[in-house]
Amino acid sequence: MWWSIVFVLIIIFLIYCFLPSYWARNHSKKVLRRGPVQKKEIALTFDDGPNPSYTTRLLDILKEHQVPATFFIMGRQAQRYPDIVKRIIEEGHTLGLHSYSHRHAWLMSPIATIRDMNRTYNILKDMLGKAPNWYRPPWGTFNLISMFAAKRLNLKVAYWSIEAQDWAKDTTVEHIYNTVINKIHPGAIIVLHDNQGAPGAPERTLKALPTIIDTLKRQGFRFVSLDEMKGERHA
């Protein structure tokens, strides 16, 4: 009897969790993983913020280097720090949804998934004064409902092509820099973090970022938002 229960649980896991996530991350044409390879354009994206200790300094760096970015922010953090969200908007960066509180998609029921996305969508819509355009799921994982919920809200879904593990405890500034530079390619979507991760992890990201930007500019790359990478500009 027990083996039949285990079998059913495995089937449920495959259908609801693993297979949708594998398909969305690797094969779905509805998920943006990289931009056009014909242009030396790359996109910086930052997840999990805003954070008053890091995001304001990150914005200073981006402003100094005149680099646009796309921020995938949590609804909970947006409610806590609306002034930072306002600054992100005013300085011309793009905002996207990253869930309300960063719960893993595999631990959320269909109803919870829809409610979470709707809640975050409405928070950002109120702050932006218009509908947000982008969604990236926490941990980069999807469930069976994730894509459906994003489609209902007319959200474009973004993944990434370069991850520097800047959230990890043992990741160094040098590792972040080397990973991005060694893996860079036309159309790259780089994911970094301005909140959460191991204690102090975003500090290392901030230390690596100016040198990353300078190096990539010298190599002839141009930084764009995800909207521009998709050939879309929103007033």
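None of the figures in this text is laboratory data; all of them are computed from the coordinates on show. Just so we're clear, the structure is a prediction, and the values are computed from it rather than from any experiment. Don't worry about glycine lacking a Cβ; one is built from the backbone with ideal geometry, like all the others, and counts go over all protein chains shown.
How charged is the neighbourhood of Tyr81? Take every other residue with its Cβ under 13 Å from the Cβ of Tyr81, and add Lys/Arg as +1 and Asp/Glu as -1.
+1
Summed over qualifying helices (DSSP H, 4 residues or more, each -39500 (n - 2.57)) and divided by its residue number, the chain shows a 222 nm mean residue ellipticity of -13500 deg cm²/dmol. Relative to the first principal axis of the alpha-carbon coordinates of the chain, what is the inclination of helix 2-13, with its axis defined by its Cα atoms, in degrees from 0 to 90 and to the nearest 10? Around 40 degrees separate the two axes. Amide H contacts for Glu41 (H built 1.01 Å from N in the peptide plane; partners 5 or more residues away or on another chain; cut-off under 5 Å): Gly187, Arg222. Considering region 2-229 at the alpha-carbon level, its Rg and Dmax are found to be 17.6, 61 Å. Each semi-axis of the equivalent ellipsoid for region 106-235 is √(5λ) with λ an eigenvalue of the Cα gyration tensor; in descending order they amount to 29, 19, 13 Å. Say the cut-off is 25 Å between C-alpha atoms; which of Lys30/Lys207; Lys130/Lys207; Lys169/Lys207 go over it? From Lys30/Lys207; Lys130/Lys207; Lys169/Lys207, over 25 Å: Lys30/Lys207; Lys130/Lys207.
3J(HN,Hα) couplings calculated from phi for region 215-223 with the Karplus curve 6.51 cos²θ - 1.76 cosθ + 1.60 (θ = phi - 60°) are, in sequence order, 5, 5, 5, 5, 7, x, 7, 10, 8 Hz; Gly and Pro show x. Close amide H contacts of Leu192 (hydrogens built in the peptide plane, cut-off under 5 Å, sequence separation of 5 or more or a different chain): Thr45, Phe46, Asp47.
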